[in-house]
Amino acid sequence: AGKSCLTSQIIMMFLEKNPDGVIRIIDKKCSYQKLCDLFGGKVVNFSYEHLEKHPYSPFALKEWTVDDIDVIFGIIKTVISLKNPSKEFSAIHEEILKDGIVSTFNSYYKNIKSYETSKQKNSNEILPDHPIWEDFHSYISSAAERKGSSTNHDIMKAKEEIIEWTY
């Protein structure tokens, strides 16, 4: 009893000492809604209904750092675990997932630079502000291939599972 209350106190102490600090909480019960409102935070509800009205992308970054990759990985892994509680998440899944996230960002930024220096910039093409899930899914396969040969059953199975779990 009192876990959310204790955690809220710790969060308030942290934010008092680090006003620009960032805290990410994944909570099934939304126990931290009031705290989030108090500090001007954002609650992201991962229900289909909410996401249709208020889209959210963990890829919405101007630049990425290793910490960002770890946070995005944590978010995706947690959502996968919540949506698929009976599924096993192995070290191979983790490696492919992290590599896929990094590849998604690197490719997106490379494409943006290429677009900005090309004549395409004057076209009517609208590029997204950040990588999107379709980009991520396209790089999961190449991330898996970098981990081993296409004949390695465990790697190919993990790749297929990640794609299935994130659709």
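Numerical summary
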| item | result |
| --- | --- |
| Filtered residue count, segment 78-106, keeping only those that are more than 16 Å from the chain's Cα centre (by Cα) and of a type in the set (S, T, N, Q) | 3 |
| Filtered residues of segment 83-96 (kept if part of a helix (DSSP H, G or I), within 15 Å of GLY148 (Cβ to Cβ) and either in contact (Cβ under 8 Å) with a residue 12 or more places away in the chain or among the polar types (S, T, N, Q) (or both)) | ILE92, HIS93, GLU94, GLU95, ILE96 |
| Any pair with Cβ under 7 angstrom, 6 or more apart, that starts in segment 1-27 at a residue that is touching a residue at least 40 places away in the same chain (Cβ under 8 Å) and ends at one that is of a type outside the set (A, V, I, L, M, F, W, C) and surrounded by 10 or more Cβ atoms within 10 Å (Cβ to Cβ) | ILE26/THR78 |
| Residue match in segment 98-108 (condition: farther than 30 Å from GLY21 by Cβ, open to solvent by 70 Å² or more (accessible area, probe 1.4 Å), among the hydroxyl-bearing types (Ser, Thr, Tyr) and modelled with pLDDT of 85 or more) | no |
| Members of segment 20-51 that are modelled with pLDDT of 75 or more, part of a loop (DSSP other than H, G, I, E, B) and closer than 15 Å to THR7 by Cα | VAL22, ILE23, ARG24, ILE25, SER31, TYR32, PHE39 |
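The values are calculated or read from the model by the stated rules, or taken from the named source; none is laboratory data. The structure presented is a predicted model; accordingly, all values stated were derived computationally and were not measured. Quick reminder, even Gly has a Cβ in these numbers, built from the backbone with ideal geometry, and neighbours come from all protein chains shown. The area values use the complete protein model at the heavy-atom level, side chains included, leaving out ligands, DNA and RNA. Shrake-Rupley method; radii C 1.70, N 1.55, O 1.52, S 1.80 Å.
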